[in-house]
Amino acid sequence: MEKSIKLVMWLLASALIIITSYLRLERYYLLVSFTVIILMLAPQFSKFEKKKLDSRNIVMAALIIAIASVSRLPFAAIPSVQPVSAIIILTGYTFGADMGLLCGAMTAIVSNMILGQGPWTPWQMLGWGSMGYFAAYLSKSKGKKLPLAIYGAFWGIIYGWLMDMWFLVGFVRPLVLETVLASFAASLYFDIMHAITNFLLIYLFYDSFISRFGRIKEKYQL
């Protein structure tokens, strides 16, 4: 039941983002961003109502969001070479799907308070939130960093396609197969760079991240 609710909320958030972009309602991007947060995190909010709120989880989430947000700043001029995606993927892998979703979605809106909010923000929230969420499903392969690094490379491409969809739905007319393929082809270089960056960072820092944050998770029962 819970998975069904999450899927419905995910679809509603995705539909809202696509419709808003298609209707070119860019001036409402902040309203859309916070609505997407509510939809994507609604199942987690319901959990808080059913159990005692653990401040340790909140502190850990805030710490990871801060680290991921700050990591974007030095690489802002190189959009496809950023450690933020690797941090979010490792977070979801280590702490679970809900934490990955929360940190991914919130990192986009928090970091954009410095780098600049815009109609691209909800799409970034969807992309980073999704990659953090699904990384948890690889947790059964603990101790094997190669599958997670490959997953990171895969999401480097998928994330780029999501951002292409923002451009296509919001600005490209007519929206036909030729224009879609042309947009994907134009961004392919940057998507590949993102994929390579994710692969290398996850592969190189997997052991360090898991040893430190994994120990915190076990010690404080997060």
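Since every read-out is calculated from the coordinates, none of them should be taken as a lab result. This structure is a prediction, so every number in the text was calculated from the model and none was measured. All Cβ positions, even for glycine, are placed from backbone atoms using ideal geometry, and neighbour counts span all protein chains on display.
Some points to look at:
- Here the residues Thr197, Thr121, ranked from fewest to most Cβ neighbours within 10 Å of their Cβ, fall in the order Thr197, Thr121.
- Values of log10 I(q)/I(0), in the order q = 0.14 Å⁻¹, for segment 52-220 under a Debye, Cα-only, solvent-free model: -0.70
- Pairs of lysine residues in segment 52-220 that meet both criteria, 8 or more places apart or on different chains and Cα atoms under 23 Å apart, total 10.
- Ordered by the number of other Cβ atoms lying within 10 Å of each residue's own Cβ, fewest first, Arg215, Arg72, Arg56 fall into the sequence Arg215, Arg56, Arg72.
- Cβ crowding within 10 Å ranks Val180, Val84 as Val180, Val84, fewest other Cβ atoms first.
- Inter-probe distance in nm under a simple model that places probes 7 Å from Cα toward Cβ, at Ile192 and Asp207: 3.0 nm
- Available extension along the chain between Met113 and Ala76 is 12.0 nm, counting 0.36 nm per residue and deducting the alpha carbon span.
- Each residue of segment 60-72 is assigned a 3J(HN,Hα), and the resulting list reads 5, 4, 5, 5, 5, 4, 5, 4, 5, 5, 5, 5, 6 Hz, derived from the Karplus form 6.51 cos²θ - 1.76 cosθ + 1.60 (θ = phi - 60°), x at Gly and Pro.
- Modelled spin-label separation between Ile67 and Ile158, with each label point placed 7 Å from Cα along the Cα-to-Cβ direction: 2.3 nm.
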